[in-house]
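Read the figures in this text as sums done on the coordinates, not as results from a lab. Just so it is clear, the structure is predicted and the values come from calculations on it, not from any experiment. Cβ: placed from backbone, ideal geometry, glycine included. Neighbour counts: every protein chain shown.
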Amino acid sequence: MEILVCVKRVPDTAENEIEINSDGNDIERDDLVYSVNEWDNYAVEEAIQIVDKVGGSVTVVTVGDDESEEVLRREMAMGAEKGILLSDDAFEGSDGKGIATALKAAVEKGSYDLIFTGAQADDGAAQVGGMLAAMLDYPYASLVNLIEPGDGKLKVGREIEGGNQEINEIELPCVLSIQTGINEPRYVGIRGIRKVASVEIPTLGASDLGLDAGSVGEGAAKVRRVDYFMPEMGEGAEMLEGSTEEIIDKLIELLKAKGGLK
Amino acid sequence: MAEVFAYIKHEGGVADDSALELLSAAKKIAPGANVTAVVTGNGADIDTVCNAMASAYSAVWKIDNEALAYPNAEVVRKALVNTLAADSIVLLPHDTFGMDLGPGLSIKMNSAFVADLVDVEDSDGAVLKVIRQEFSGQAYTHVTCDISGGAVINVRPGVFAAEEAAATGAVVDKSADAGDLSAKRKYIEIVEAEAGDVDITKAEVLVSVGRGIEDEDNIEIVHDLAKAMGAEVSCSRPIVDAKWLEKARQVGTSGKTVKPKVYMAMGISGSFQHMGGLKGNPFIVAVNKNPKAPIFQVADVGVEADILEFIPELTEKIEEL
Ligand SMILES: Cc1cc2nc3c(=O)[nH]c(=O)nc-3n(C[C@H](O)[C@H](O)[C@H](O)COP(=O)(O)OP(=O)(O)OC[C@H]3O[C@@H](n4cnc5c(N)ncnc54)[C@H](O)[C@@H]3O)c2cc1C
Ligand SMILES: Cc1cc2nc3c(=O)[nH]c(=O)nc-3n(C[C@H](O)[C@H](O)[C@H](O)COP(=O)(O)OP(=O)(O)OC[C@H]3O[C@@H](n4cnc5c(N)ncnc54)[C@H](O)[C@@H]3O)c2cc1C
């Protein structure tokens, strides 16, 4: 099974407080710690486990800039064999469709049975996988938390509301978006990343992909981010102030009043 | 002006909560437009839903077909592409169904896609300006969308108030337009979530822990606090993904819906999928080291603190009472 996994480099929100810059056109990116989108680690782990079972290889691909290479290497240290970086000024300002357009071109340059994306990334859009599938005319299933390979098809479970699981049969080739919890992504240490440090990662631009620059990037985007802002907070929570002791005393009084202590 | 449609999710003859929320979202997105409900399905259920929707929407399109008995997004997509004009504006809930259907539908209709809309700023029929969130609600964005060639818009559940039922719409049978509904994905069955050993849905007080707990070994301090308070322990999804607590303790749209009197959110950021599982207007206490964490917008009382230090101190004080 040849598997392509799409991965995105995103600010690590567990490590950072997100601040909006003074112009309001972006977040403060200077001191941000970046990592691989949480969902994508599960997708790469799942791909590796499938290949371990049935053979084949895993390729990781990202649309990004030079710095995105580090997330490819991280996923290669997990066990992906190849990495592909899609990078071009023409991709800048792409909306989800622009990103999916670039990924589609990369898919068509290879020969993959199965394509994974994460269920969602930092924009919370959950859009790229479904768009990519529709562009390729492949069947799609989102929020997948179970995969059992079969002959020319897969049995997949989708996690739906209430944690219930919707079981489907899907024909190959197909695109699946992977939900967290499907597996336990393996840990990669510095040593693992060093091992793949010298593996060649090809960089492909719009023309390498046979893409008309007008089909991607800001020009093609029907959806445009205008600015970032923080809304007026309204009332919000009453913040308890003072020493820890004072805060705890106040909190205990409140909990007693609200029936929070038995 | 383009036609505006809301896709109605339903089960067992009952429309989903999103059904009337989409109508009020549609009225902000396309002021003055007639909004049509689209109901797909099979058999008697679909008629019940269509009739209910006709009391709120000015028109209801019914697409009845055996292949639509279960709402497999791949099949529904085909039915919609075959039935709706390409420049239509289609509203879906941004839930596990809308995420499955929306992005691909926008490609097949060659229209724009807006994910997880939380509010509408402005609309002139050609350009729609909306509000979204990024980074799990840590930043808001204004987004413009060219809807002149149609759009698929996924609307966040629970943010638009349900529109009052005040119409007498006609039900139009569009089943004959559905066309070829063959698909390469086949629905098999639903496997219900395991019940588990605990039932957090009945707890009056929940001490709920999120990724801020940092390490499996620290979960113990949460159990200690819950014990001191006479509460049950619940959690956010990452804690279950990491297998630090069992799935039956997860609060949220893909976990349990809880209705406690008091909810202690410890190291939880407050994503809408988490908060979606919290009903009945509980008294929410949030403890988080980030003063800008979105949870503080919805909590009643907040404490800016490191839970690893705060929880043991709180437990000790409560035990002394
Ligand atoms: C400076 C800047 C400006 C931007 N301007 C705009 C704008 O004007 N309009 C707009 O709509 N968006 C804009 N974006 C957002 C950007 O185009 C998003 O990357 C795109 O919308 C897809 O990401 P997502 O988070 O929506 O992906 P989702 O659909 O939520 O992600 C799901 C999965 O898709 C895959 N995926 C997503 N992105 C990539 C990628 N880059 N490479 C490989 N796989 C990927 C991953 O597997 C991921 O898990 C901007 C981004 C930046 C950094
Ligand atoms: C389809 C779908 C369904 C989902 N369903 C659910 C669901 O049912 N339930 C659910 O919870 N999530 C669900 N999610 C995931 C959801 O989007 C969020 O990713 C998740 O809720 C985040 O959990 P969290 O708040 O614990 O983690 P984070 O968002 O990482 O937040 C951790 C918080 O802890 C704070 N913190 C860190 N360290 C400390 C410390 N030492 N002391 C105090 N504070 C600290 C941080 O400031 C941060 O605010 C779903 C996602 C999808 C796509």
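A few points about this structure:
- Exposure proxy ranking, count of Cβ atoms within 10 Å, fewest first, for A:MET1, A:MET239, B:MET109: A:MET239, A:MET1, B:MET109
- Amide hydrogen neighbours beyond the local backbone of B:LEU91, cut-off 5 Å, H modeled: B:PHE5, B:ALA6, B:TYR7, B:ILE153
- The orientation-averaged projection of the convex hull spanning the C-alpha atoms of segment B:57-119 amounts to 4.9 square nanometres.
- The amide H of B:LEU117, built 1.01 Å from its N in the peptide plane, has B:ASN154, B:VAL155, B:ARG156 as neighbours under 5 Å, considering only residues 5 or more places off or on other chains.
- Within-15-Å neighbourhood charge of A:ASP212 [Cβ basis; K, R +1; D, E -1]: -3
- Projecting the alpha carbon convex hull of segment B:1-90 along each direction and taking the average yields 5.3 nm².
- Charge dipole (debye, nearest 20) of the protein assembly as shown; +1 at Cβ of Lys and Arg, -1 at Cβ of Asp and Glu: 1440
- Amide H contacts under 5 Å for A:ILE27, placed H, 5+ residues apart: A:ASN21
- Summarised as an ellipsoid, segment B:16-142 has semi-axes of 25, 17, 14 Å, derived from the eigenvalues of the Cα gyration tensor scaled by 5 and square-rooted, with the largest first.
- For chain A, a crude dipole built from +1 on the beta carbon of Lys and Arg and -1 on the beta carbon of Asp and Glu, taken about the Cα centre, is about 1080 debye to the nearest 20.
- Taking every C-alpha pair closer than 8 Å and separated by at least 6 residues, the mean separation divided by the residue count of segment B:110-170 gives a relative contact order of 37 percent.
- Beta bridges per DSSP, both residues in the protein assembly as shown: antiparallel share near 35 percent.
- Exercise: per-residue mean of other protein chain Cβ atoms within 10 Å, B:139-150: 5
- Taken along the Cα-to-beta-carbon direction at a fixed 7 Å, the label points for A:ASP52 and A:ASP208 span 3.1 nm.
- Ranking of B:TYR70, B:TYR57 by neighbouring Cβ atoms within 10 Å, starting from the fewest: B:TYR70, B:TYR57.
- Relative contact order for chain B: 15 percent, from Cα pairs under 8 Å spaced at least 6 residues apart, divided by residue count.
- Order of A:ASP123, B:ASP215 under a 10 Å beta carbon neighbour criterion, fewest first: B:ASP215, A:ASP123
- Annotation: peptides B:182-193, B:253-264, ranked by per-residue average of other Cβ atoms within 10 Å with the highest first, follow the order B:253-264, B:182-193.
- Equivalent-ellipsoid semi-axes of segment B:127-229, from the Cα gyration tensor, Å, largest first: 42, 25, 19
- Segment A:1-62 - share of DSSP beta bridges that are antiparallel (%, nearest 5): 45
- Positive-end residue of A:SER111, A:LEU86, A:SER35, charge dipole of segment A:1-125 with Cβ unit charges: A:SER111
- Helix runs (DSSP H) in chain B reaching 27 Å along axis by Cα, Kyte-Doolittle at least 1.0: none
- Span-like helix ranges in chain A, DSSP H, alpha carbon extent 15 angstrom or more, Kyte mean at least -1.0: A:38-54, A:96-109, A:244-257
- Within segment B:201-282, the percentage of alpha carbon pairs spaced more than 16 angstrom apart rounds to 43%.
- Across peptide B:291-302, the average count of Cβ atoms from other chains found within 10 Å of a residue's Cβ is 4.
- Taking the convex hull of Cα positions in the protein assembly as shown, its mean projected area over all directions (nm²): 26.5
- Taking the Cα centre of chain B as origin and assigning +1 to Lys and Arg Cβ atoms and -1 to Asp and Glu Cβ atoms, the resulting dipole is close to 780 debye.
- Rh (Kirkwood; distinct C-alpha pairs) - chain A, Å: 20.5
- Karplus-derived HN-Hα couplings along segment B:280-287 (A = 6.51, B = -1.76, C = 1.60, θ = phi - 60°), whole Hz, x at Gly and Pro: x, 6, x, 7, 9, 10, 10, 10
- Percent of Cα-Cα distances greater than 39 Å, calculated over chain B: 23
- Leading residue at positive end of dipole, the protein assembly as shown (Cβ point charges), from A:THR13, A:PRO202, B:HIS223: A:PRO202
- Remark: for residue pairs A:LYS155/B:LYS279; A:LYS195/B:LYS184; A:LYS222/B:LYS9; A:LYS53/B:LYS184; B:LYS27/B:LYS62; A:LYS109/A:LYS195, the C-alpha separation exceeds 30 Å in A:LYS155/B:LYS279; A:LYS195/B:LYS184.
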